[in-house]
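Undergrad: Just dropping this structure here.
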Amino acid sequence: MTDLEEFKSLLAEISDLSGIAAIAGWDKETQMPKGGADTRATQLSTLAKVIHLKETAPRVGDLLASLEPALATADTTDGALVRLMRLEFTRRSKLPADFVAEFSKAQSVAGSVWEAARPRNDFKSFQPHLEKMFEYTLRAADLFGYDSHPYDALLWDYDPGLRTAHIKDIFTELRAFTVPLLKRIVAAGETVDYSILERSFPIDAQRAFALEVAQAFGYDYDRGRLDVTAHPFATNFSRDDVRITTRFDEHYFPMAFYGVLHEAGHAMYEQNTAPELRRTPLARGAWSTAHESQSRLWENLVGRSEAFWQHWMPRAQQHFAALADVDANTMYKLVNRVQPSLIRVEADELTYNLHIMLRFELELAVLEGSLKVSELPEAWGAKMQEYLGVTPPDDRDGVMQDIHWSSGYFAYFPTYSLGNILSVQLFEKAESQMGDLHAMFARGEFKPLLHWLTHAMLRHGKTYLPPELIERSTGSALSAAPYLRYLTKKFSGIYNLE
Ligand SMILES: [Zn+2]
């Protein structure tokens, strides 16, 4: 066996094991009886250990060193594999095993403290654990190394090559635009009767309709599946088995419907990586911002467009008697309601980004040392008031609402808003090459857009780092301008703003 063959067969084995771990994880959320929890946790941790040992074996370092002279700069799949593995191998080897074990133990303690403290609205008992999460994260950033900002080192976990300064610039522009627009929308008042969405929507019909739409977008259900979980997600065991989950509420239509379109967007990314990347790390889960751009594109730019409802309204009325007296334009307004609220996961398309910016700014401030963890609840409340005009009555629905910080996941939140921004850049680029996309949606033609996206971005998987992938697929760097144009046009129309 040549070194390249040995290297690729090792990566294929790691990919097989990761796929099996994903099956066990999916089963845990969807099928497993409660009693299976302890054994499953052990099984998953054994698999994680076996995978970690394979990934960090000294032999991987030897193989990389032997392959790099010929492949490190090669514009081929083998070259991309060598570059990605070098990046991950180097990054992993920078954290001493003791530190990793200590951090992960502290993470699970902080997680359970958060889980118990949140319903009691008890920030005080969570505070020392959150402080630890910030301390460990700063130590990790130091061990990884960075030029200008520790946050840059953390971003590598999700979007390697993305810079904190760039995100700050984008968010400053987005905030300066969104806050006044939101004030005008709130002042404009309600335009339709939102209680329509709380009529009866039988769950079987919700499931059938959502799947019909997802398949019309291009979600391949011969290589997919939909189940019910408390927290929706998409997971894949290979590009040919990509599953999604959702949750249903008979008396609130948008939750399951847009949840399915969102997760189907993630799933179509995985289903459309190039077949030749199969059983390599290049095929598994592209970068966070790119991934989120696809879920947001299908959920919001397509599924919340007026043209979408022009095509789907008659079909929706066949599924739901509750929509018999609702026309496409009213439906369009209903599903685009803007309403400042306390909870990020329930936020609408416009205010969602303000929730993200608030988290980004606060985690930056703590990491930079300008804000203490003990001051977070008050700072949270002040920013909520400033950006959204609402103040959380307690910490449970304020600073303690998300699981991310309790697990030490900092630098993850920005990818949600950056995904929104990228989705519009991609949409504009697609439209410049394909013509009027909304006219196509109104005719029920959705798959040509997936085809374009596959060619421009999805097929590459992790072949390129995010800045290069974005540049190649949109022709420019991440930029807020197209997104601001889109928001202005959409919400000025819906709320009759001058
Ligand atoms: Zn998502």
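The values are calculated or read from the model by the stated rules, or taken from the named source; none is laboratory data. Source: prediction; values computed, not measured. Cβ: placed from backbone, ideal geometry, glycine included. Neighbour counts: every protein chain shown.
Undergrad: Kindly evaluate residue 376 against the criterion of being modelled with pLDDT of 95 or more and under 19 Å from the mean Cα position of the chain (by Cα).
TA: No, not satisfied.
Undergrad: Here's a follow-up. If residue 231 satisfies all but one of (1) modelled with pLDDT of 95 or more; (2) farther than 20 Å from residue 330 by Cβ; (3) not acidic (Asp, Glu), what's the number of the condition it fails?
TA: (1)
Undergrad: Another one. Collect the residues in segment 227-259 that are buried (at least 21 other Cβ atoms within 10 Å of the Cβ), farther than 25 Å from residue 280 by Cα and away from the ligand (no atom under 16 Å from the Cβ), keeping them in residue-number order.
TA: 253
Undergrad: So if I check each of 476, 492, 417, which one is within 16 Å of the ligand (Cβ to nearest atom) and of a type outside the set (A, V, I, L, M, F, W, C)? Walk me through it before giving the result.
TA: Values: 476 fails: within 16 Å of the ligand (Cβ to nearest atom); 492 fails: within 16 Å of the ligand (Cβ to nearest atom).
Only one candidate qualifies: 417.
Undergrad: Next question, about the same structure. Evaluate segment 6-14: report whether one residue or more is outside any helix (DSSP H, G or I), surrounded by fewer than 15 Cβ atoms within 10 Å (Cβ to Cβ) and not assigned by TED's automatic domain parsing to the domain that holds residue 232.
TA: no
Undergrad: Identify, please: which residue in segment 17-49 is closer than 19 Å to residue 89 by Cα and loosely packed, with under 14 Cβ neighbours inside 10 Å and is, among those, nearest to the chain's Cα centre (by Cα)?
TA: Out of the qualifying residues, it is 48.
Undergrad: Among the residues of segment 113-146, how many are closer than 30 Å to residue 91 by Cβ, surrounded by fewer than 13 Cβ atoms within 10 Å (Cβ to Cβ) and among the charged types (D, E, K, R)?
TA: The qualifying residues number 2.
Undergrad: Only one of 426, 450 is in contact (Cβ under 8 Å) with a residue 40 or more places away in the chain, of a type outside the set (Val, Ile, Thr) and more than 16 Å from the ligand (Cβ to nearest atom); which?
TA: 450
Undergrad: Within segment 345-445, which helices (runs of 4 or more DSSP H) (wholly inside it) include 2 or more residues that are buried (at least 20 other Cβ atoms within 10 Å of the Cβ) and among the polar types (S, T, N, Q)?
TA: Hits in segment 345-445: 414-434.
Undergrad: Something else now. Restricting to segment 333-381, name every residue that is more than 21 Å from residue 183 (Cα to Cα) and among the hydroxyl-bearing types (Ser, Thr, Tyr).
TA: Residues satisfying the conditions are 370, 374.
Undergrad: For residue 144, are the conditions met, namely being more than 16 Å from the ligand (Cβ to nearest atom) and either of a type outside the set (S, T, N, Q) or assigned by TED's automatic domain parsing to the domain that holds residue 275 (or both)?
TA: Judged against the criteria, residue 144 is a match.
Undergrad: Next question, about the same structure. Considering only residues that are part of a helix (DSSP H, G or I), touching a helix residue (DSSP H, G or I) at 6+ places or on another chain (Cβ under 6 Å) and under 30 Å from residue 73 (Cα atoms), which ones fall in segment 90-139?
TA: Within segment 90-139, just 92 meets the criteria.
Undergrad: To continue, here is another question. Output the qualifying pairs, or none if there are none: Cβ atoms under 7 angstrom, residues six or more apart or on different chains, first residue in segment 290-302 and touching a residue at least 24 places away in the same chain (Cβ under 8 Å) and under 9 Å from residue 420 (Cβ atoms), second residue within 10 Å of the ligand (Cβ to nearest atom) and among the hydroxyl-bearing types (Ser, Thr, Tyr).
TA: That search, which allows pairs on different chains as well, returns 292/415; 292/416.
Residue-wise test of (1) touching an Asp or Glu at 6+ places or on another chain (Cβ under 9 Å); (2) more than 29 Å from residue 160 (Cβ to Cβ).
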site: 398; (1), (2): no, yes
site: 413; (1), (2): yes, no
site: 440; (1), (2): no, yes
site: 444; (1), (2): no, yes
site: 447; (1), (2): no, yes
site: 450; (1), (2): no, no
site: 456; (1), (2): no, no
site: 460; (1), (2): no, no
site: 469; (1), (2): no, no
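Undergrad: Being assigned to a loop (DSSP other than H, G, I, E, B) and surrounded by fewer than 19 Cβ atoms within 10 Å (Cβ to Cβ) is the filter here, so list the residues in segment 466-489 that pass it.
TA: Those that are assigned to a loop (DSSP other than H, G, I, E, B) and surrounded by fewer than 19 Cβ atoms within 10 Å (Cβ to Cβ): 475, 476, 477, 479.
Undergrad: Continuing with the same structure: Within segment 270-299, take every residue that is closer than 22 Å to residue 229 by Cα and more than 10 Å from the ligand (Cβ to nearest atom) and give me the one that is surrounded by the fewest Cβ atoms within 10 Å (Cβ to Cβ).
TA: Ranking the candidates gives 285 first.
Undergrad: Turning to a different aspect of this structure: Are there any pairs, at least 6 apart or on different chains, whose C-beta atoms fall under 8 Å, with the first in segment 256-282 and assigned to a helix (DSSP H, G or I) and the second of a type in the set (Phe, Trp, Tyr) and more than 16 Å from the ligand (Cβ to nearest atom), and if so, which?
TA: 256/248; 257/209
Undergrad: Ok, one more. With among the polar types (S, T, N, Q) and under 25 Å from the mean Cα position of the chain (by Cα) as the only criterion, which of 351, 330 stands out?
TA: The unique qualifying residue is 351.
Undergrad: While we're on this one: Please verify whether residue 174 is in contact (Cβ under 8 Å) with a residue 60 or more places away in the chain and either within 16 Å of the ligand (Cβ to nearest atom) or closer than 22 Å to residue 291 by Cα (or both), treating the condition exactly as stated.
TA: Numbers: in contact (Cβ under 8 Å) with a residue 60 or more places away in the chain: yes; either within 16 Å of the ligand (Cβ to nearest atom) or closer than 22 Å to residue 291 by Cα (or both): yes.
When the stated conditions are applied, residue 174 passes them.
Undergrad: Follow-up question, since we're still on this one. With respect to residue 263, is the statement that it is more than 12 Å from the ligand (Cβ to nearest atom), in the same structural domain as residue 289 (by TED's automatic domain parsing) and acidic (Asp, Glu) true?
TA: For residue 263, the condition - more than 12 Å from the ligand (Cβ to nearest atom), in the same structural domain as residue 289 (by TED's automatic domain parsing) and acidic (Asp, Glu) - is not met.
Undergrad: Going residue by residue through segment 313-336, is there one that turns out to be in a helix (DSSP H, G or I) and within 30 Å of residue 406 (Cα to Cα)?
TA: no
Undergrad: If you don't mind, there's one more thing I want to ask. Name, by its number, the condition in (1) more than 16 Å from the ligand (Cβ to nearest atom); (2) modelled with pLDDT of 95 or more; (3) surrounded by 15 or more Cβ atoms within 10 Å (Cβ to Cβ); (4) more than 21 Å from residue 20 (Cα to Cα) that does not hold for residue 203.
TA: All conditions are met except number (3).
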